[in-house]
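For reference, the structure is listed below as structure tokens.
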Amino acid sequence: MNRKHTNIIIKNKLIRRNYLVKKNIHVGILLLGWEVKSVRKKKIDITKNFVYIKNNEVYLENAIFHPCSNVHLEYYKIDRTRKLLLKKKEIIKLFSYINRKGYTAVIESLFWKKNFIKGNLVIALGKKKYDKRISVKNREWKIKQKRILKKFYY
């Protein structure tokens, strides 16, 4: 489940910076025809999305699909709630994580799997400011380490 996908449509890079990722789940998304067209043209915004559970069903909120030029805005809602497709065991696992303090679920990326649009649902724990500083220090140290080893071996 933790494979890298080459068919990534869009990725929210802020997730890894603001959250500590605990679990990844691949989910299907119920989309309308005009939304699929906007996905093909990459006119999507998933920066402020979140996932919630209602009546044992999982929904995606605040994912904005901008319509193409041939779609009339009068008939379609840009930021409607979309249903996510998960198995029952995955919904129970997601529910147990979300009820803990500090945990949230968000869509990190959208990708193609055959002819279907899938999402990478991330169960994450919010980072504090000092956690962000530590991760920046670790990243800079790894870069410095590579430079030192490169000089040492070459």
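The values are calculated or read from the model by the stated rules, or taken from the named source; none is laboratory data. Keep in mind that this is a model prediction, so the values were computed, not measured. Quick reminder, even Gly has a Cβ in these numbers, built from the backbone with ideal geometry, and neighbours come from all protein chains shown. Note: accessible area is taken over every heavy atom of the protein model, side chains too, but ligands, DNA and RNA are not part of it. Shrake-Rupley method; radii C 1.70, N 1.55, O 1.52, S 1.80 Å.
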Filtering segment 50-66 for residues that are under 12 Å from residue 27 (Cα atoms) and either touching a Pro at 6+ places or on another chain (Cβ under 9 Å) or open to solvent by 70 Å² or more (accessible area, probe 1.4 Å) (or both) leaves a count of 0
Within segment 116-154, count every residue that is open to solvent by less than 100 Å² (accessible area, probe 1.4 Å) and of a type in the set (D, E, K, R).
4
Candidate set: segment 6-46, residues that are exposed (fewer than 15 other Cβ atoms within 10 Å of the Cβ) and part of a loop (DSSP other than H, G, I, E, B); chosen: the one modelled with the highest pLDDT
30
Pairs, first over 14 Å from residue 84 (Cα atoms) and among the small types (Gly, Ala, Ser) in segment 101-114, second in a strand (DSSP E or B) and open to solvent by 10 Å² or more (accessible area, probe 1.4 Å), C-beta under 7 Å, six or more apart
102/125; 102/126
Those residues that are in contact with a strand residue (DSSP E or B) (Cβ under 6 Å, 6 or more places away or on another chain), farther than 16 Å from residue 59 by Cα and surrounded by 15 or more Cβ atoms within 10 Å (Cβ to Cβ), I need them from segment 93-115; list them, please.
103, 111
